[in-house]
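Comments concern the structure below.
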Amino acid sequence: MKFAIDLLWVKPKCNGGIESYIRNLLDGFMALNDKNEYILFCAKDNADTFKHYLADPRFKMEVRDISAFAVGKRILWHNRNFNKLLVKKNIKYCFMPVYCKPLRRCKKVKYVTTIHDLQQLHFPEYFSKKRRAWMMFAWKRTVKTSDCIVAISQWVKNDIMEHFGNKNTDIRVVLNPIVTDQTKTDFNIVSEKYQIKENDYFFVLSSMLKHKNIMTALKTLEEIKEKNIDLPKKLVIAGISEADENRIVEYINDHGLKENCVLAGFISNEDRNTLFEKAYAFLFPSIFEGFGMPVVEGLMLGARVVTTKCTSIPEVSKNLAYYVDDPFDTKQWIDKLLEIKDKPKQAIDFPEYEKSYVAKQYLEVFESVFR
């Protein structure tokens, strides 16, 4: 079976969890012993980051003269040219790892499209009216014109069905592949870099968007500090910066938390692994997740994970983390953090997230839909 994989949208080191998802999935395809032919469609500014797959003769690459970062132009090019290009290359099947497939159905090409969440629908305040209108239209067309939709959790499937599906909509649930190697930075280096001590800090790995609820983590830290509660008084926040970073920085400065908080920005996997392992607890206060990969990563790496019961989080973490009932209640967070003080740290194995296992599930979907 020969099929295209659209990678034109990948902005290296800027797509967060979705970028990790597709790179892990490609690694999973590479690990399988199959006879498929994978045609990677790349942009001129991301192709180099995928060239290592060409060492496998099953992988081929098509580089287009467009920029992944020029989103508007890329979408326009996609809708004008992508279907025609696939037909010209005699490619009958295409996998879209994100929702942005051409809006028109092409009778000569079958599509499987992954939808990760409907964030714009639930948090319209993040986007302009024009962007919201476009997203609603694009999602509706994607569901209607794809031969199959892959949802990354049962919660996402239910959300898609509620807003865009009907009795004929084919939606399959395939959980994300998660790769956590055991390579770590020496803690002495990490300790000096972030001015932290082992088991004496909280770790947060997240973007700065409002629904990630980092403000509650800051308010919890502030209360711990003011009341001198017997818990760590240091918080390390790592992840992609967003517009909300200014609001977070202002809160830190205005509430006397500058010496208690570290905004680490984008960090290496080696630093991340060490921060997970040596933290008192990993905090994930998000109120909306299509999947919530950091929760599973933390559990895999042996962290005590304290999170919420919102959306897909209990589902993907298999109820193996520690959960607060009210994601905004600092007292609940503090009580839970005190409760886990004597709980052991232990790495949890999740075979269902192993990259080749997930890749095989995707191939089963492709076989079913494409043939």
Note to self: C-alpha centroids of the range 1-25 and the range 54-131 sit apart, in Å, by 11
So the carbon and sulfur contribution to the accessible area of the chain, 1.4 Å probe, in percent, is 48
Order by accessible surface, 1.4 Å probe, largest leading, for residues M161, M215 comes to M161, M215
Kirkwood-based Rg/Rh on the Cα set of the chain evaluates to 0.98
FRET efficiency for A70 and K345 from the Cβ-Cβ distance with R0 = 51 Å, rounded to 0.05, comes out at 0.70
S268 and V173 label points (each 7 Å along its Cα→Cβ direction) are spaced in nm at 3.8
For W134, the accessible surface traced by a 1.4 Å probe with all protein chains present amounts, in square angstrom to the nearest 10, to 80
At the level of C-alpha centres, the distance separating the range 238-268 and the range 137-164, in angstrom, is 34
Protection proxy (average C-beta count within 10 Å per residue), highest first, orders 87-99, 292-304 as 292-304, 87-99
Computed, not fitted: 222 nm per-residue ellipticity of the chain from DSSP H runs ≥ 4 (each -39500 (n - 2.57)), nearest 500, equal to -11000 deg cm²/dmol
With all protein chains in place and a 1.4 Å probe, I75 shows an accessible area in Å² (nearest 10) of 40
Heavy-atom accessible area with a 1.4 angstrom probe orders K318, K44, most exposed first, as K44, K318
Rg/Rh over Cα atoms for the range 177-226, Kirkwood Rh, comes to 1.05
Taking a probe of 1.4 Å and leaving out DNA, RNA and ligands, the chain shows per residue an accessible area in Å² of 46
Taking r as the C-beta separation of D335 and E198 and R0 as 22 Å, the FRET efficiency to the nearest 0.05 is 0.40
Honestly the range 191-311 on the Cα gyration tensor test (a ≥ b ≥ c root eigenvalues; a/c under 1.5 rounded, otherwise a/b vs b/c for prolate or oblate) is just rounded
Dividing the mean separation of Cα pairs under 8 Å (6+ apart) by the residue count of the chain yields a relative contact order in percent of 16
Correct semi-axes for the range 108-213, from √(5λ) of the alpha-carbon gyration tensor and rounded to whole Å with the largest first, are 38, 19, 12
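The values are calculated or read from the model by the stated rules, or taken from the named source; none is laboratory data. Since the model is a prediction, treat every value here as computed from it, not as a measurement. Heads up, the Cβs are rebuilt from the backbone with ideal geometry, glycines too, and the neighbour counts pull from every protein chain shown. The area values use the complete protein model at the heavy-atom level, side chains included, leaving out ligands, DNA and RNA. Shrake-Rupley method; radii C 1.70, N 1.55, O 1.52, S 1.80 Å.
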